[in-house]
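**Q** My questions will all concern the structure given below.
The values are calculated or read from the model by the stated rules, or taken from the named source; none is laboratory data. Here the structure is a predicted model, which means the values were calculated and not measured. FYI the Cβ positions are ideal-geometry reconstructions off the backbone, even for glycines, and counts take in every protein chain you see. These area figures cover heavy atoms from the full protein model, side chains too; ligands, DNA and RNA do not enter into them. Shrake-Rupley method; radii C 1.70, N 1.55, O 1.52, S 1.80 Å.
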Amino acid sequence: MDNEHAPRRAAGARRKAAPPLAGEEWLAKRTGSGFWHYDFSIEGHRLRGSCGTGDKADAARLAQALYDREWRRIKLGEKPAVHLTLEEAFTGWWKDRGQHGKYGVTGQRYQLARILRILGGTTALTDLDNATVARLLRGLRDGEGVTEGHETSGKASASTCNRYLSTLNTVCTWAREIQAAEVGPWAMKPHMQVEPPPKDRFLLHEEARTLIDAIAPHARAPIALALLTGLRRNNWLLLDWQNVSLDMRRALLIGKGNKPLGVSLSPPAVALLERLQPDPDKRRAGPVFVYGAVPCECPHCASPANIGRPIRDIRRSFKTAARRADVPNLRIHDLRHSFAAWLLEATGDLRMVGDALHH
């Protein structure tokens, strides 16, 4: 090619410098570090730290983004968006609320772990959309995410899928309202599965005795109290000594709708509680049902860390015992139905049964 007429650079002329990178002015290298560091001030607020990269272009982009975010926060009062992964959200929710979840400690932890195995812990909350939640449900129905050695196939029923949806929705609500985190545009209602109507049933007296004999020893007293009182699960499982007077044969509880509920204790119920804790001084306060109160060799009671801790979940023990007692579809709420059926059989007074159930 003929370059005869091409402009020539004058002798000694310098090559034109490349335009500076946005954010470059806040970058510097520190002795002994291969990473770039940012350092800038906005209205007396100094911010500095590592960019975590030795690439100057990447570091400049990060510094500029940090400067823009902090400028909006300091100058305009904007709150920076909080971005959490599923694992971060689950961990934060568990520490804050999850140990008191409605599915019990063991069940709640298993649900969270299985969701993470199906969707991945690094999935961002902002990536949760209806397609992602549909993928979760497919995985649950196909048995995906079950831990090795689990005794069941893990293929979730409609009601189980709905419980997982409820847990995921609860965590997302906590992240959005408490942590001000960004959450993807998914809704629980369109994904709810149609559940078969519950099959209410009650135990025969012999079946109840077989059930109590089959269940882990630490759960026998709670189950027996449920059958003797007809109370709802949380009322008997979370019973506290400060709300019980064995002398007056009364218990003061919080019923449905957060209403105070006075309950009369029958002589067998009083005798059961006296056997559970013979020392009146120890019946002043504290949970009624705790691990270690009776000899038991189940995994929970075998752990020294659990001794004295309140019993908050007996679902697994109950399910196992119901299967052994040949009543595999029995629900904990059916203990309340059993109490009502027995009382009606003994008295024939439907109004009395309604009063005993606090309807």
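**Q** How about segment 16-56: which strands (runs of 3 or more DSSP E) wholly inside it have at least 2 residues that are open to solvent by 70 Å² or more (accessible area, probe 1.4 Å)? Don't jump to the end; show me each part of the working.
**A** Details: elements: 27-29, 36-42, 45-50.
In segment 16-56, 45-50 are the strands (runs of 3 or more DSSP E) which contain 2 or more residues that are open to solvent by 70 Å² or more (accessible area, probe 1.4 Å).
**Q** What number of residues within segment 57-80 are open to solvent by 70 Å² or more (accessible area, probe 1.4 Å) and of a type in the set (A, V, I, L, M, F, W, C)?
**A** 2
**Q** Inspect segment 223-233 for any residue being among the polar types (S, T, N, Q) and either free of Cβ contacts under 8 Å to residues at least 60 places away in the same chain or more than 18 Å from Arg316 (Cα to Cα) (or both) and give the result as yes or no. Quick ask: steps written out before the conclusion?
**A** Kept after step one, since they are among the polar types (S, T, N, Q), are these residues of segment 223-233: 229.
Filter again for either free of Cβ contacts under 8 Å to residues at least 60 places away in the same chain or more than 18 Å from Arg316 (Cα to Cα) (or both), leaving 229.
Among the residues of segment 223-233, at least one is among the polar types (S, T, N, Q) and either free of Cβ contacts under 8 Å to residues at least 60 places away in the same chain or more than 18 Å from Arg316 (Cα to Cα) (or both), which makes the answer yes.
**Q** Taking segment 135-152 only, how many residues are closer than 19 Å to Glu195 by Cβ and at pLDDT below 80?
**A** Count: 1.
**Q** Can you report the number of residues in segment 76-108 which are farther than 16 Å from Trp174 by Cβ and either touching a Leu at 6+ places or on another chain (Cβ under 9 Å) or modelled with pLDDT of 85 or more (or both)?
**A** Within segment 76-108, the first condition is being farther than 16 Å from Trp174 by Cβ, and the residues that meet it are 76-81, 104-107.
Pick out the ones that are also either touching a Leu at 6+ places or on another chain (Cβ under 9 Å) or modelled with pLDDT of 85 or more (or both) and you get 76.
Total satisfying the criteria: 1.
**Q** I would also like to ask the following. Of these, Arg312, Arg249, Arg283, which one is of a type outside the set (Val, Ile, Thr), in contact with a Leu (Cβ under 8 Å, 6 or more places away or on another chain) and farther than 25 Å from Asp334 by Cα? Explain how you work it out, then say what you get.
**A** Numbers: Arg312 fails: farther than 25 Å from Asp334 by Cα; Arg249 fails: farther than 25 Å from Asp334 by Cα.
None of the other options fit; the residue is Arg283.
**Q** A further question on this structure: Go through segment 174-197 and give me each residue that's closer than 25 Å to Ala134 by Cα, open to solvent by 80 Å² or more (accessible area, probe 1.4 Å) and either touching a Lys or Arg at 6+ places or on another chain (Cβ under 7 Å) or touching a residue at least 60 places away in the same chain (Cβ under 8 Å) (or both).
**A** Of everything in segment 174-197, those that are closer than 25 Å to Ala134 by Cα, open to solvent by 80 Å² or more (accessible area, probe 1.4 Å) and either touching a Lys or Arg at 6+ places or on another chain (Cβ under 7 Å) or touching a residue at least 60 places away in the same chain (Cβ under 8 Å) (or both) turn out to be Glu182, Pro190.
**Q** On the given criteria, is Gly145 farther than 30 Å from Leu273 by Cβ, of a type in the set (Gly, Ala, Ser) and free of Cβ contacts under 8 Å to residues at least 40 places away in the same chain?
**A** Details: farther than 30 Å from Leu273 by Cβ: yes; of a type in the set (Gly, Ala, Ser): yes; free of Cβ contacts under 8 Å to residues at least 40 places away in the same chain: yes.
For Gly145, the condition - farther than 30 Å from Leu273 by Cβ, of a type in the set (Gly, Ala, Ser) and free of Cβ contacts under 8 Å to residues at least 40 places away in the same chain - is met.
**Q** Quick one: in segment 192-224, which of the residues that are β-branched (Val, Ile, Thr) and part of a helix (DSSP H, G or I) is nearest to Leu357 (Cα to Cα)? Step through it out loud before you land on a result.
**A** Within segment 192-224, the first condition is being β-branched (Val, Ile, Thr), and the residues that meet it are 194, 210, 212, 215, 223.
The next check asks that each one be part of a helix (DSSP H, G or I); those that pass are 210, 212, 223.
Working: Thr210: 24, Ile212: 22, Ile223: 17 Å.
Step by step, filter segment 192-224, then rank; the result is Ile223.
**Q** Search segment 210-255 for residues being of a type in the set (D, E, K, R) and more than 29 Å from the chain's Cα centre (by Cα), and hand back the single one that is most open to solvent (accessible area, probe 1.4 Å). Steps first, answer last, please.
**A** In the first step, residues of segment 210-255 are kept if they are of a type in the set (D, E, K, R); the result is 213, 220, 232-233, 240, 247, 249-250.
Applying the additional criterion that residues be more than 29 Å from the chain's Cα centre (by Cα) yields 213, 247, 249-250.
Numbers: Asp213: 111, Asp247: 151, Arg249: 118, Arg250: 98 Å².
Per the stated criteria, the residue is Asp247.
**Q** Right, something else. Against the condition in contact (Cβ under 8 Å) with a residue 24 or more places away in the chain and farther than 30 Å from Asp326 by Cβ, how does Lys259 come out, does it pass?
**A** On the way: in contact (Cβ under 8 Å) with a residue 24 or more places away in the chain: no; farther than 30 Å from Asp326 by Cβ: yes.
When the stated conditions are applied, Lys259 does not pass them.
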